[in-house]
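Trainee: Dropping the structure in here first, questions after.
The values are calculated or read from the model by the stated rules, or taken from the named source; none is laboratory data. Model, not experiment: these values are computed from the prediction. Every residue, glycine among them, receives a Cβ derived from its backbone with ideal geometry; neighbour counts consider all protein chains shown.
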Amino acid sequence: MAKARVVVIRSGSVWSPAGGPDPAVAARMFARGFSLVTGEEDGPAAAAALFRPDDRIGIKINTIGGRAISTRPETALALAAWISRNGLLAKNLFVWDRTTRELRDAGYALSAGRSEVRVFGTDAAGVGYGADLVSHLGVGSLFSKIQTEFATASISLAILKDHGLAGVTAGLKNYFGAIHNPNKYHEGRCDPFIAEVFDAPPVKSRHRLTILDALVVQYHRGPSYHARWAEKFAGFVFSLDPVAADAVGWTIIERLRAAAGLPTLSEEGRAPSYLATAEKMGLGRADPAEIETVEETVA
């Protein structure tokens, strides 16, 4: 069986002189990442390998960290723009998270237009959570209607961060932002709950791609922002295997921790055990021996 492929794209020019990500450079990084992860050099072919022309694509971001350590608008909107240039209608793309307040605090302008990429939260008028409880394994939650009704396909565009309980928060845990009661699932270092939320039908049936936003990586004292332990890694991590993506994210965090003279997450007693659980559930591969990591630099 072929190894799970994870693609790491970095660029030394992704940070603009103004201090934020350069959307044009981010678009080139997305183009290369999509190509390498799908095996299709042509942009429309790469998009078509993941999405139907009529798919409604929800780009689930993470804005709980404010402007300092959230999925930035320049990043999420550059991704949506690249997808819309390669075969999908802009009106069928939406960038979303839990609340309007968190989106605004992270720098997003809210938009619900019918002909453009939309940006809105679960708490927006006419959205909310589904009325029916989704009971799956050890999880019982109401899921955002954005995930259950609006989207036919989902991308997890997650910030890569250290997490005081889970060890690592990345693509899998990003979907905690799709349920009404994530606070309920942090016991036991969030294990097995991160895997079980992802395995629930509203997520598993729609998820197509994980992209870890590693432009800035919070490698210690996360998930909140601490400048001392935040590294401008200037990269994105792509994978069709959601577990392998997070496993490589863990490797990146450990690399940054070692460079800073910090102990490993295992030594601190908070290795992300949910990854092994997710692998046992058949959600992907966590074993580094079963993961092929491809790294490239984009100008």
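Trainee: Within segment 101-113, is there a residue that is basic (Lys, Arg) and at pLDDT 95 or above?
Mentor: Quick first cut of segment 101-113, residues basic (Lys, Arg) only: 101, 104.
From the residues that got through so far, the ones that are at pLDDT 95 or above too are 101, 104.
Yes, segment 101-113 contains at least one residue that is basic (Lys, Arg) and at pLDDT 95 or above.
Trainee: Also: Determine if segment 200-212 includes at least one residue that is surrounded by 24 or more Cβ atoms within 10 Å (Cβ to Cβ) and within 16 Å of residue 254 (Cα to Cα).
Mentor: Yes, because at least one residue in segment 200-212 is surrounded by 24 or more Cβ atoms within 10 Å (Cβ to Cβ) and within 16 Å of residue 254 (Cα to Cα).
Trainee: I would also like to ask the following. Surrounded by 15 or more Cβ atoms within 10 Å (Cβ to Cβ) and either in contact with a helix residue (DSSP H, G or I) (Cβ under 7 Å, 6 or more places away or on another chain) or modelled with pLDDT under 95 (or both): does that describe residue 124?
Mentor: Judged against the criteria, residue 124 is a match.
Trainee: Suppose we keep only residues that are surrounded by 16 or more Cβ atoms within 10 Å (Cβ to Cβ) and of a type in the set (Lys, Arg) within segment 1-56. Which one would you say is nearest to residue 153 (Cα to Cα)?
Mentor: Among those residues, the one meeting the criterion is 56.
Trainee: Six or more apart or on different chains, Cβ atoms under 7 Å: show the pairs whose first residue is in segment 245-270 and in a helix (DSSP H, G or I) and whose second is among the charged types (D, E, K, R) and buried (at least 18 other Cβ atoms within 10 Å of the Cβ).
Mentor: Qualifying pairs under 7 Å: 253/162; 256/231.
Trainee: Which one of these is in contact (Cβ under 8 Å) with a residue 24 or more places away in the chain, of a type in the set (A, V, I, L, M, F, W, C) and touching a helix residue (DSSP H, G or I) at 6+ places or on another chain (Cβ under 6 Å): 36, 77, 88, 93?
Mentor: On the way: 36 fails: touching a helix residue (DSSP H, G or I) at 6+ places or on another chain (Cβ under 6 Å); 77 fails: touching a helix residue (DSSP H, G or I) at 6+ places or on another chain (Cβ under 6 Å); 88 fails: touching a helix residue (DSSP H, G or I) at 6+ places or on another chain (Cβ under 6 Å).
That would be 93, the only listed residue that is in contact (Cβ under 8 Å) with a residue 24 or more places away in the chain, of a type in the set (A, V, I, L, M, F, W, C) and touching a helix residue (DSSP H, G or I) at 6+ places or on another chain (Cβ under 6 Å).
Trainee: Quick check on segment 34-72: of everything there that is out of contact with any Phe, Trp or Tyr (no Cβ under 8 Å at 6 or more places or on another chain) and of a type in the set (S, T, N, Q), which residue is nearest to residue 149 (Cα to Cα)?
Mentor: 62
Trainee: Out of 59, 64, report the one residue that is farther than 30 Å from residue 2 by Cα, crowded, with 16+ Cβ neighbours inside 10 Å and in contact with a strand residue (DSSP E or B) (Cβ under 9 Å, 6 or more places away or on another chain).
Mentor: 64
Trainee: Of all residues in segment 67-108 being hydroxyl-bearing (Ser, Thr, Tyr) and crowded, with 20+ Cβ neighbours inside 10 Å, which is farthest from residue 128 (Cα to Cα)?
Mentor: Among those that are hydroxyl-bearing (Ser, Thr, Tyr) and crowded, with 20+ Cβ neighbours inside 10 Å, it is 75.
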